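Heads up: the structure comes next, in structure tokens.
The values are calculated or read from the model by the stated rules, or taken from the named source; none is laboratory data. Model, not experiment: these values are computed from the prediction. When we count neighbours, we look across all protein chains shown, and the Cβ atoms used for this are built from the backbone with ideal geometry, even at glycine. To get the accessible areas, we keep the full protein, side chains included, count just its heavy atoms, and leave off ligands, DNA and RNA. Shrake-Rupley method; radii C 1.70, N 1.55, O 1.52, S 1.80 Å.
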Amino acid sequence: MTPWRRQRDGSLLPQSGWQPTIAHLRASATGVILAIAAVLVRRPDLLVIATPLLVIAVWSNWLRPVRDPSAADHLAHHTVREGEATTWRVTVSDVRKDIPPDGGTIAGTIAGRIAGTIAGRIEGTSLRASGAAEVVTAILAAPPFSTLEPATGVVSSVVDNGDVQLTISVRSTRWGRRLIGPARVVATSAWAAFRWTAGSEPPRTVTTLPLPSVFDSSSPAVHPVGLVGLSRSARPGDGSEFASVRPFQSGDRLRRIHWPRSMRTGTLHVTSTWSDQDSHVVIVVDAFNDLGESEGIDGQASSLDITVRAAGAIAEHHLRRGDRVAVHVLGARGVVRVPTATGSAHLRRVLDTLATIEPGTDVRDHGGLQLGLAEGALVVMLSPLISPLALQRAFALATRGLTVVVVDTLPSGIVEDDQTDPFHGVAWRIRLLERHRELRRIQQAGVPVVQWRGPGSLDQVLRDLHRHASRPRMARR
């Protein structure tokens, strides 16, 4: 590959100019050898064969470009969602063709070349004509979990008067960070005799945000503790849900007066409401393992695909309701905690964190989760429940008095017989039996475990937890 250097403006220039191609060297060498052999052995037929090769070689060398083009590449978007596409675009400048003086005829072109050669010889700057690039080609390597359009990643364009712009569409099919490139831009002269190459280095980074699964929940919040969400609390106050009609008290707003009751009774009555409160939801993502084969958004999903998309769906659902959401990632190195906040900007922060997860990069047991949660927070743990550390963390949170719901994200059909290893399927079945025993124990300890099925996955368990929380409790005196 030709050495290259990047300019401050983002353009890519090679450190060496136009280089002869193998075809040009082969034609030149073959023509010279055949011509010499024709003279030595007195074979006119060899000279007839060598003449076209020598003519093309001399003509190509005469039309060799002397000015190096410049190329600048960029991506249209550096952040996309799963299934969305961005465009890699490269612009090659200084490849303008010379316009023939007589309107484009071959005779005019030759006359212009001769005139340019004579002028250059008079000025002492050049002893040959200055050619131009004929074809510009861009080559882009397809990154993992991405598709290109065109599928080969190769796009070419014939040089016309003006700059050349080449585009390749890159579609990302799985969440995470992708490196687009390295790419190469190649310009060739007439007869493909000389080639100019510019490399695109380093590769461009594109962040693919997870596309949240379809999720909705109609169940009430378990322990609403704030003052701004859509969940109804047990205390009266300013809100949108009707509570009762009561006599007017000092401090009531006039717009709350219930005129039909007031006119009928002769005393002022007002409408009271339940205060709107938010919930504190903590999403715990298990990234200790990534089980199953991932085929992107268009195919089969692995356990981490289901986990990440479900976490994004739950976070989006609660943030749109005005709840406060925090995210903690287990088993991954890097940014593993998103602090509690609310709003659309916080949803983008959550999705950015989920996109940076690298499974199994930190398998150490750091002890209990330091979540800093107050009483009443809802903890939703998303895990395939293969690593025993995830269940241990869920049990530890439940013993601290927090409401914990474990969502099983293990894909179906994970057990497959491996033809190369006869014990592979047996080992998986043993581990799943142990997993079933562990799930039964944690359910007996009061931690519900549900299978992720999209919309309505948590409705029943949240209703049960809400009824349980509303029951009268015994208190010590």
So residue 283, is it open to solvent by less than 50 Å² (accessible area, probe 1.4 Å) and touching a Phe, Trp or Tyr at 6+ places or on another chain (Cβ under 9 Å): no
Where residue 297 falls short, out of the listed (1) out of contact with any helix residue (DSSP H, G or I) (no Cβ under 8 Å at 6 or more places or on another chain); (2) over 28 Å from residue 387 (Cβ atoms); (3) hydrophobic (A, V, I, L, M, F, W, C): (2)
Scan of region 433-453 for residues that are touching a residue at least 60 places away in the same chain (Cβ under 8 Å) and either surrounded by fewer than 12 Cβ atoms within 10 Å (Cβ to Cβ) or not in a loop (DSSP other than H, G, I, E, B) (or both), ordered by number: 449
Flag if residue 198 is in contact with a strand residue (DSSP E or B) (Cβ under 7 Å, 6 or more places away or on another chain) and more than 30 Å from residue 287 (Cα to Cα): yes
All positions within region 12-35 that are open to solvent by 30 Å² or more (accessible area, probe 1.4 Å) and over 57 Å from the mean Cα position of the chain (by Cα): 34
Where a residue in region 70-84 is free of Cβ contacts under 8 Å to residues at least 40 places away in the same chain and its partner, wherever it lies, is among the hydroxyl-bearing types (Ser, Thr, Tyr) and surrounded by fewer than 19 Cβ atoms within 10 Å (Cβ to Cβ), with Cβ under 6 Å and at least six apart: 76/87
Out of 80, 48, 55, sole residue that is out of contact with any helix residue (DSSP H, G or I) (no Cβ under 6 Å at 6 or more places or on another chain), under 30 Å from residue 206 (Cα atoms) and either assigned to a loop (DSSP other than H, G, I, E, B) or modelled with pLDDT of 90 or more (or both): 80
Check on residue 447, modelled with pLDDT of 75 or more, of a type in the set (A, V, I, L, M, F, W, C) and closer than 29 Å to residue 212 by Cβ: yes
Residue tally, condition closer than 17 Å to residue 209 by Cα and surrounded by fewer than 21 Cβ atoms within 10 Å (Cβ to Cβ), over region 339-352: 7
Any hit, region 36-44, residues being closer than 30 Å to residue 143 by Cα, open to solvent by 70 Å² or more (accessible area, probe 1.4 Å), modelled with pLDDT of 90 or more and out of contact with any helix residue (DSSP H, G or I) (no Cβ under 8 Å at 6 or more places or on another chain): no
Region 159-183, residues that are in a strand (DSSP E or B) and farther than 12 Å from residue 92 by Cα: 168, 169, 170, 171, 172, 176, 177, 178, 179, 180, 183
Verdict on residue 35 being outside any loop (DSSP other than H, G, I, E, B) and either without any contact (Cβ under 8 Å) to a residue 40 or more places away in the chain or more than 23 Å from residue 183 (Cα to Cα) (or both): yes
Flag if residue 267 is modelled with pLDDT of 70 or more, open to solvent by 50 Å² or more (accessible area, probe 1.4 Å) and in contact with a Lys or Arg (Cβ under 7 Å, 6 or more places away or on another chain): no
Residues (in a strand (DSSP E or B), under 52 Å from the mean Cα position of the chain (by Cα) and under 9 Å from residue 271 (Cβ atoms)) located in region 241-261: 242, 243, 244
Qualifying residues in region 153-206 (those that are polar (S, T, N, Q), open to solvent by 30 Å² or more (accessible area, probe 1.4 Å) and touching a residue at least 40 places away in the same chain (Cβ under 8 Å)) - the one nearest to residue 58 (Cα to Cα): 188
Enumeration of residues in region 58-77 that are charged (D, E, K, R) and in a strand (DSSP E or B): 73
